[in-house]
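The values are calculated or read from the model by the stated rules, or taken from the named source; none is laboratory data. Here the structure is a predicted model, which is why all the values come from computation and not from measurement. Here the Cβ is made from the backbone with ideal geometry for all residues, glycine too, and neighbour counts use every protein chain on show.
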Amino acid sequence: MFDSILRGKNFFLTGATGTLGVPLVRKLLESGARAVFCLVRGKDPEARLRRIFGDDKRIAAISGDISLPKAGVSQQLIRALVISNHYFIHAAADISFDPTKQAHIEKINIHGTQNAYELSKSIGSDKFVLVSSAYANEKGANAYERSKAAAEKFIIDQGGDYLIVSPGVIVGDPDTGEIVKFESYYGLLRVLWKIKQRVEKSNRLGLEFNKEGDLILPIRIPCSDVSCLNLVSNRWVAEMICTLIAQRKSRQKYYLINSRPPKTKWLFEVSLPLLGITGFNFNGHQVNESLQTVIEGQLRPYLRYIQKGINDNISDERLVASLSRALGSSFYPDVEMNKETVGRLLAYAKDNNFGL
């Protein structure tokens, strides 16, 4: 396995407290990393890391902000890090699909990548690993897709030793459901979860509950029979990244995706009853029109990802085969996103109120 190869190495990581960053830091430590330097924004970064990772002395908090030149790291710290770092992993990103936040998305995803790369050169990193997205597209329909494509192009154009990893839609640990932030797939469901909570407190919408206590939500879910969501577990993505680094893959882009992604319609059919929501449909029959208008407005940023044709190229088995060939016997596919796995993901989400 890759543990012996990563043992004794030093890593610098942005996004260490995020959806992928947390399992990635844990995997690096489990693999015997000598030290993991974590860029953390805000007050008392040491306390933030301790709350997540405990008191592991191999974790060092570096105060900074990727929106600033050299990620806001002081010159004094840069000098101290010059002889310490082997690999720089840039996992910080803004994954919002909100069209009103385009400037901020570009600031974090494009300029933040440039600032992170500048810092990596200043501290003498051997390799720059960019965590991108399987949905990166220079002609994408939203700022997120376009910004990730622009970040990839910037790194490639620098001509150094780089590795680009492009995961699908990251969800929690397949066994425990653990995840730090409830975004993407969870964001879709959170819209309906919030409505249920609102009705439970004050039923001004006049909705009803069935005898099992499930909310009857007479709406149409605007997805097709063939659309898919390319869900991948955070643990698997972290392990594939570590394996690629350990095998010294360089100047390549790899897709970390599910070759058999679940159908979006199936996901709603399974997920919503687990949240105590029923009465929805996919054909528009018996719809509460005023509620439908409200929900479609809130779901609008996600519609691109749950409708026909958008994800066809993301699930291309040739992309999975490319990763499999690159890793050889070290490759293994992610867990199946079946009803049991989805149940564990949503049990954790419910226990944490979807981060609300």
Which of (1) under 26 Å from Leu188 (Cα atoms); (2) hydroxyl-bearing (Ser, Thr, Tyr); (3) surrounded by 22 or more Cβ atoms within 10 Å (Cβ to Cβ) is the odd one out, the single condition Thr278 does not satisfy? (3)
Test Pro301 against the criterion of being part of a loop (DSSP other than H, G, I, E, B) and within 26 Å of Ala349 (Cα to Cα), and give yes or no. no
Residues being closer than 22 Å to Leu130 by Cα and not in a loop (DSSP other than H, G, I, E, B): count how many of those fall in segment 78-88. 4
For Gly309: the one exception among (1) closer than 24 Å to Ala141 by Cβ; (2) modelled with pLDDT of 90 or more; (3) not in a helix (DSSP H, G or I): (2)
Residues in segment 79-116 that are among the hydroxyl-bearing types (Ser, Thr, Tyr), within 15 Å of the chain's Cα centre (by Cα) and modelled with pLDDT of 95 or more total 0
So which of Ser259, Ser224, Ser184, Ser250 is closer than 30 Å to Ala16 by Cβ, modelled with pLDDT under 95 and touching a Lys or Arg at 6+ places or on another chain (Cβ under 9 Å)? Ser250
Out of curiosity, is Leu130 in the same structural domain as Asp161 (by TED's automatic domain parsing), closer than 22 Å to Tyr255 by Cα and at pLDDT 95 or above? yes
Selection count, segment 106-150, where residues are crowded, with 24+ Cβ neighbours inside 10 Å and in a helix (DSSP H, G or I): 10
Is it the case that Ile179 is over 26 Å from Gln298 (Cβ atoms), in contact with a strand residue (DSSP E or B) (Cβ under 8 Å, 6 or more places away or on another chain) and either crowded, with 22+ Cβ neighbours inside 10 Å or not assigned by TED's automatic domain parsing to the domain that holds Leu346 (or both)? no
Tally the residues that are in a loop (DSSP other than H, G, I, E, B), surrounded by fewer than 23 Cβ atoms within 10 Å (Cβ to Cβ) and in contact (Cβ under 8 Å) with a residue 40 or more places away in the chain, restricting the search to segment 19-43. 1
Only one of Ile105, Ile83, Ile62 is assigned by TED's automatic domain parsing to the domain that holds Ser147, of a type in the set (A, V, I, L, M, F, W, C) and within 26 Å of Glu239 (Cβ to Cβ). Can you tell me which? Ile62
Go through Val335, Val270 for me and flag whichever is assigned to a helix (DSSP H, G or I) and either closer than 16 Å to Val169 by Cβ or in the same structural domain as Lys181 (by TED's automatic domain parsing) (or both). Val270
Residues of segment 280-296 satisfying the condition of being more than 19 Å from Phe209 (Cα to Cα) and of a type in the set (A, V, I, L, M): Val294
Search result, residues across segment 68-78 that are under 28 Å from the mean Cα position of the chain (by Cα) and either under 23 Å from Arg248 (Cα atoms) or surrounded by fewer than 16 Cβ atoms within 10 Å (Cβ to Cβ) (or both): Leu68, Pro69
Among residues of segment 151-183, those that are part of a helix (DSSP H, G or I) and of a type in the set (Gly, Ala, Ser), counted: 1
Taking the residues in segment 1-18 that are polar (S, T, N, Q) and under 20 Å from the mean Cα position of the chain (by Cα) as candidates, determine which candidate is surrounded by the fewest Cβ atoms within 10 Å (Cβ to Cβ). Thr17
Residue list for segment 134-191, restricted to those being of a type in the set (D, E, K, R) and more than 22 Å from Gln307 (Cα to Cα): Glu152, Lys153, Asp157, Asp161, Asp173, Asp175, Glu178, Lys181
From the list Val191, Val232, which residue is out of contact with any helix residue (DSSP H, G or I) (no Cβ under 6 Å at 6 or more places or on another chain) and under 20 Å from Phe97 (Cβ atoms)? Val232
